[in-house]
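One structure is given here, and the rest of the page talks about it.
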Amino acid sequence: MKFSLMSTSFALKSLAFSASLFAGMTLCGNAYAGETLFSNYVFAVGPAGQNGALWAFSRDGNYSGVTLLNFNVAGKGNVVTESTAQAQVETDTLTAVQDGIFEDDLAERRRIPAIYAGTKLGLVLPMFAMDKDERYRIPAGYYTVRDLKNVIENPLDVSPAADDLEKPMQYATSGFAYDSTAKRLWIARGALGVMVHDVSSNKGAKDTTFILNSTTKKLEILKNNTELDLEKNPEIFDVRLHPETGDLWLATAKGVWVKSSSGLKNISEKLKNSRVTGLWMGGSPLQIIAETSNKKEDDIVGGLWRIYGENAKDFSKVNFLDTAGKAQKKDVYDESDYTVGDVAFIGKTAYVLVRAVGGSVSGYLKLDSLGVKAWEKDEDGKLQWLYGYETGATDRKAIITSMCSFPLSKNRTGLALATYGNGVSVSADSGATWSVVLNRAKLSNNLGSIRMVPSVITPGDEALVSYKLDKESKITIEVFSYDMRKVRTIVKDAVRNADASRSSNPKEDYWDGRDEHGKDCTMGVYYIRVKDNHGHIGWGKAMTLGGNFR
C-alpha cells in the first residue's frame, strides 16, 4: 500500500527545542520530572517484578527518566495509584528513545522493546546516543533498571564488521529475551546478529555475539575479522524464548529460525523467505505471533501471522472479522499499513498494539481464537477494529507507544498503555475500563492556579487546561494573544464537578494551538482564562511554536 511520510507536529526534534524555552528551571537532578510521572510523554511500560508494580520510561525534551508506579485495585475494580517515584537517566546525551520512532517506516524501529529480566537486571531497555545532527540515532547499548538508584548504562562495542553498513540504525537493538533459568539475556541487534549477556557467574558477566549463517544453519561467533554478508547472514530483528520448550526463536530477514537441542532450522514454510520483524509469545492456549514487513520503494507490505493451539503446524495469516464474525477478504493489516508496537497476553486474548506508518493512528487489536473482530461499524459503514480513545483506553487523543500486561495482584492481571502526552492508562478488567495516570499535583481552590500540561506545544498537539473547583460550577475557557486579543473559546458554560485534585475534563478542556477558525496560531505566548459562574477567574499561559513546525 502506498503511503507518504507526513511531517508530524509531535517530532522529537521540536521537543528538544521547546525544552530550552521553559523559564525558571534549573538543569540538575530531576529538573524536568513531573509530579506523578517523570513526564506525560511515556514511551515504554514494563513489569517491575512485583504485584501492582509497573515501570514507565518517559522523555521530555532532552531529558529522560523512569518512574516506578505502585497500584492497588479498589473494591469496584478501579485501579488506584498508591505511590510513584522517579529517577532521571544519568547522561543527557543518552536515551532509550530513537528520534525516528514516529517517522521511521521500518517496523522493527518503530517500537521500544522493554522486558523484566529478573532481580539481577530488572527492566531492560535499548540505549541510543546522539549523532552529528544531535539526534538520537546511534545504537549505544542498553539500560538495566534494577531500582531507582540503579539506572545502569551498558554500552556495547560495535564490531568492525559494521563499517560496511549504510547506517548505524541497521544494528539497532530491537528485541530482548531473558532466560531466567540460565541467567542469560538475549539481545537482537539487526545486522550484527544476536548477543547473549550471561550473568550466571559470580565472577562477572560475559558477552558473546553471534550471527546466523543460513548456509551452514548455525549461530556463529561474530569475530573482529568477520565480513558481513546479509544474504548469508540475515539480520535478526527479534528474539524470544519458547515458554514451554525453552527453545530460542529468532525473527530474521529470512524467516523464523529456532535453536533447539536438535540444532538450528528455519521452521516455517509460509515465512521461509519473509522479512520477519517481530515475534511475541504468550497466553493460554499459547499464541505465537509474527509480523512481516518489507519496504519496496514507497510501498510497505506487511502481515500479521500466528500459530495458535497445539494442532497448528505453521503460521497462518490472522483473520479480520466484521461485527457479525465474517472474515474479510482483503488483508486489513496490510491495507492499513500497521506495524506492531507490543503484544500483551491475558488468557486466550492477545492485545496487539499497532500504529500506522506515516501517520498518527494508533490503538490495539483484540486477537482471540477466531481472529480480530470489529467492535463497531460506524455511520459511514467502516468497520472499527482499533481500540483506543473511542473505547476509553485514553481520555485524550494521544499516540499509544507501548503496551504490556503485568500482575496487578495475586489473582489479577493488569494491562498498561504508554502514551505520547497522556501519561499511562491502566486496566484491571482486560480493557473494559481504564484509569489514566497523569501528572496531577493538587491545585488551589476556586481557580486559584491554572496549569497548562504541557506548557509548550506545536499546533495539533493538546495542552490540557488544568484547574480545580471547590464546588460544581459552569466554566468558560478562553485563549488570548499576548496583546489580549481573544483568539479562541474552548468551552462556554460547561458543567464541571468539584474534585480533590483537578476538575478538568480532558476530552474538552485542552488547547491545540489553533484559533477559532482552526488555523494555526503564530509562535508566541498565549494566555488562557478560566472563569466560573460564581465570579472566580484564573489565568494560565502556554507557548505555541507556530505553524512553521508542522
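None of the figures in this text is laboratory data; all of them are computed from the coordinates on show. On a predicted model such as this, the values are computed, not experimentally measured, just so you know. Don't worry about glycine lacking a Cβ; one is built from the backbone with ideal geometry, like all the others, and counts go over all protein chains shown.
Going by the alpha-carbon gyration tensor, a ≥ b ≥ c the square roots of its eigenvalues, is the stretch 12-437 rounded (a/c under 1.5) or, if a/c is not under 1.5, prolate (a/b greater than b/c) versus oblate? Rounded shape, in that the Cα axes give a/c under 1.5.
So what is the relative contact order of the chain, in percent, for Cα pairs below 8 Å that sit 6 or more residues apart?
Numbers: 1435 pairs, mean separation 63.9, N = 550.
RCO, the chain: 12 percent.
Annotation: extensible slack from residue 182 through residue 326 equals 47.3 nm (criterion: 0.36 nm per residue apart, minus Cα-Cα distance). Net length available on complete extension from residue 537 to residue 299 is 80.4 nm, with 0.36 nm assigned per residue and the Cα-Cα distance removed.
Do the alpha carbons of any pairs in 296/366; 317/366; 218/313; 313/348; 120/217; 492/519 sit beyond 26 Å of each other, and which pairs? All intermediate terms of the calculation are to be shown ahead of the outcome.
Values: 296/366 29 Å; 317/366 15 Å; 218/313 23 Å; 313/348 19 Å; 120/217 32 Å; 492/519 20 Å.
296/366; 120/217, as the Cα separations exceed 26 Å there.
Rounded if a/c is under 1.5, else prolate if a/b is larger than b/c, else oblate: which is the stretch 451-549, with a ≥ b ≥ c the root eigenvalues of its Cα gyration tensor? It comes out prolate by the Cα gyration axes.
Look at the dipole of the stretch 137-274 built from charges on Cβ: of 168, 180, 142, the Cα furthest out on the positive end belongs to 180. For the stretch 231-381, the relative contact order comes to 15 percent (Cα pairs under 8 Å, sequence separation of at least 6). A simple packing score, the average count of other Cβ atoms within 10 Å per residue, orders the peptides 494-504, 322-332, 133-143 as 133-143, 494-504, 322-332, with the highest score first.
Taking the Cα centre of the chain as origin, sum charge times position over the Cβ atoms of Lys and Arg (+1) and Asp and Glu (-1), and report the length of that vector in debye to the nearest 20. Intermediate results must be reported in sequence, preceding the final value.
Working: 67 positive and 66 negative charges, 195 e Å.
Using Cβ point charges on Lys, Arg, Asp and Glu, the chain gives about 940 debye.
For the stretch 204-210, putting each phi into the Karplus relation 6.51 cos²θ - 1.76 cosθ + 1.60 with θ = phi - 60° gives couplings of x, 7, 10, 10, 9, 10, 10 Hz, in residue order, rounded to whole numbers and with x for Gly and Pro. On full extension, the segment bounded by residue 218 and residue 91 gains 41.9 nm, given 0.36 nm per residue less the C-alpha separation. For the peptides 425-433, 226-234, 274-282, 514-522, the ranking by mean Cβ contacts within 10 Å, running from highest to lowest, is 274-282, 425-433, 226-234, 514-522. The calculated FRET efficiency for the pair residue 205 and residue 242, based on their C-beta separation and a Förster distance of 30 Å, comes to about 0.80.
If R0 is 45 Å, the Cβ-Cβ spacing of residue 481 and residue 411 corresponds to a FRET efficiency of close to 0.25. Classify the stretch 105-154 from the C-alpha gyration tensor, please: rounded if a/c falls under 1.5, else prolate or oblate depending on whether a/b exceeds b/c. Verdict is oblate for the stretch 105-154.
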